[in-house]
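S.K.: Take this structure, written in structure tokens, and hold onto it; I'll ask about it next.
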Amino acid sequence: MRFFGVASLVNDLLAANHELRLSKLTAQITKLDLVVLDELGFIPFSKEGSQLLFQLCSDLNERVSIIVTTNLRFGDWNSIFGDEKMTVALLDRLTHKGHILEFMGESYRFRQRMQMGEQAASTETG
């Protein structure tokens, strides 16, 4: 299993591509049982970066389990990849035999921060 922040992974893919070691990096990742792609869509990436991420996901498809975390709805993924056909193809691969878990509600980080603020305010007034 390997955990990747998507922005960092895309940067690694770009560097590997420019240094002519992309096949080696891809081969290492395809040997894993599970790849976690965290925070897809928080930081935009270039067209080349989106193409490399698409290619990696295609290589992993049906060979390696993939978990993708994002706050974006599928309809907003085109804004990340910038190419509707590529976005549709990627979503098709990811959802074909996948399970989609959607969590609704308030962020636990936001809730925790609000509770800390309330505690600090009560301490100051108490």
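The values are calculated or read from the model by the stated rules, or taken from the named source; none is laboratory data. Everything quoted here is computed from the prediction, not taken from an experiment. Here the Cβ positions follow ideal geometry from the backbone for every residue, glycine too, while neighbour counts run over all protein chains shown. To get the accessible areas, we keep the full protein, side chains included, count just its heavy atoms, and leave off ligands, DNA and RNA. Shrake-Rupley method; radii C 1.70, N 1.55, O 1.52, S 1.80 Å.
S.K.: Do any residues in region 49-67 that are closer than 15 Å to Gln28 by Cα and at pLDDT 95 or above have Cβ atoms under 6 Å from those of residues that are assigned to a strand (DSSP E or B) and open to solvent by 20 Å² or more (accessible area, probe 1.4 Å), where the two are at least six apart or on different chains, and which pairs are they?
M.R.: Short answer, once both residue conditions are applied: Leu60/Ile66; Ser65/Leu34.
S.K.: Against the definition (open to solvent by 100 Å² or more (accessible area, probe 1.4 Å), among the basic types (Lys, Arg) and in a helix (DSSP H, G or I)), how does Arg93 come out, yes or no?
M.R.: Considered against the rule, which asks whether it is open to solvent by 100 Å² or more (accessible area, probe 1.4 Å), among the basic types (Lys, Arg) and in a helix (DSSP H, G or I), Arg93 comes out as no.
S.K.: A further question on this structure: Check region 32-50 and report whether any residue there is more than 26 Å from Leu101 (Cβ to Cβ) and polar (S, T, N, Q).
M.R.: yes
S.K.: Against the condition without any contact (Cβ under 8 Å) to a residue 40 or more places away in the chain, within 15 Å of Gly5 (Cα to Cα) and surrounded by 12 or more Cβ atoms within 10 Å (Cβ to Cβ), how does Gly82 come out, does it pass?
M.R.: No; evaluated as a whole, the condition is false for this residue.
S.K.: Does region 47-64 include one or more residues that are at positive phi and over 16 Å from the mean Cα position of the chain (by Cα)?
M.R.: Taking every residue of region 47-64 in turn, at least one turns out to be at positive phi and over 16 Å from the mean Cα position of the chain (by Cα).
S.K.: Filter region 2-33 down to the residues that are exposed (fewer than 12 other Cβ atoms within 10 Å of the Cβ) and touching a Ser or Thr at 6+ places or on another chain (Cβ under 9 Å) and list them by number.
M.R.: Asp33 - this is the single residue of region 2-33 that is exposed (fewer than 12 other Cβ atoms within 10 Å of the Cβ) and touching a Ser or Thr at 6+ places or on another chain (Cβ under 9 Å).
S.K.: Please find, among Gly117, Gly98, the residue that is part of a helix (DSSP H, G or I), open to solvent by less than 60 Å² (accessible area, probe 1.4 Å) and at negative phi.
M.R.: Of the residues listed, the single one that is part of a helix (DSSP H, G or I), open to solvent by less than 60 Å² (accessible area, probe 1.4 Å) and at negative phi is Gly117.
S.K.: Look at Asp38 and say whether it is surrounded by fewer than 17 Cβ atoms within 10 Å (Cβ to Cβ), over 17 Å from Asp12 (Cα atoms) and among the charged types (D, E, K, R). Can you show your working first?
M.R.: Values: surrounded by fewer than 17 Cβ atoms within 10 Å (Cβ to Cβ): yes; over 17 Å from Asp12 (Cα atoms): no; among the charged types (D, E, K, R): yes.
When the stated conditions are applied, Asp38 does not pass them.
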